[in-house]
Amino acid sequence: MKKASEEIQCLSETPCNGHLQLKNIEHKLNVKGKTITIPDLKVWECNLCGEHFYPYESSEEIDFYKQYSGKIMLRLNPKLHANLVQFAQKDHRSVNQEINYLLKQAIS
Ligand SMILES: [Zn+2]
C-alpha cells in the first residue's frame with residue numbers, strides 16, 4: 001500500500017512507529033467532578049498506540065467547554081415555575097427545551 005506523502009509520525013514520548021490520522025471523536029472531560037461530553041472533537045489519533053493529540057482549535061474548544069458546561073442551576077419563583085411548566089406542556093416541550101427555546105429567542 002502506498003503511504004500518503006504528508007504522513008505525520010506519532011508524537012508519543014514512548015517510541016512508536018505509528019502515524020497520526022485526523023478523526024472526530026466523542027471527548028469526555030472532567031470539570032469539577034462532573035463529566036462533560038464534547039460530541040464531535042477533532043483529534044490526531046495514532047494508528048498504533050491510539051494516543052490522541054489535539055489540534056490548536058480543539059484545545060480551544062476544550063477550554064471553552066471547561067468554562068461553559070451548558071449546565072446551570074436556576075432558582076425560580078414557584079408561580080413562574082408553574083407557569084413555565086404549563087407553557088412547556090402547551091408547546092409539547094420539556095421544561096428544559098422550553099427554557100432553551102425562550103432564551104434563544106430572547107438572546108439571539
Ligand atoms: Zn503512537
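Express in % the proportion of alpha carbon pairs of the stretch 61-108 at distances exceeding 18 Å. Above the 18 Å cut-off, the stretch 61-108 has 42 percent of its Cα pairs. Just the accessible area per residue of the chain, please: how many Å² with a 1.4 Å probe? Per-residue value: 84 Å². Quick one: helix 56-67 against the long Cα principal axis of the chain, what's the angle to the nearest 10°, folded into 0 to 90? With both axes taken from Cα atoms, the answer is about 30 degrees.
Counting protein heavy atoms only, the chain has 53 percent of its accessible area on carbon and sulfur, 1.4 angstrom probe. Taking every DSSP helix (H) stretch of at least 4 residues in the chain, weighting each as -39,500 (n - 2.57) and dividing the sum by the residue count yields a mean residue ellipticity at 222 nm of -11000 deg cm²/dmol.
Per residue, the convex hull spanned by the alpha carbons of the chain comes to 178 Å³. When you count the other C-beta atoms within 10 angstrom of each residue and take the mean per peptide, 35-48, 10-23 line up highest first as 35-48, 10-23.
The values are calculated or read from the model by the stated rules, or taken from the named source; none is laboratory data. Note that the structure is predicted; figures quoted are calculated from it, not measured. Ideal geometry is used to build each Cβ from the backbone, glycine not excepted, and the neighbour counts take in all protein chains shown. The protein model used for the area step is the full one, side chains on, heavy atoms only, and it has no ligands, DNA or RNA in it. Shrake-Rupley method; radii C 1.70, N 1.55, O 1.52, S 1.80 Å.
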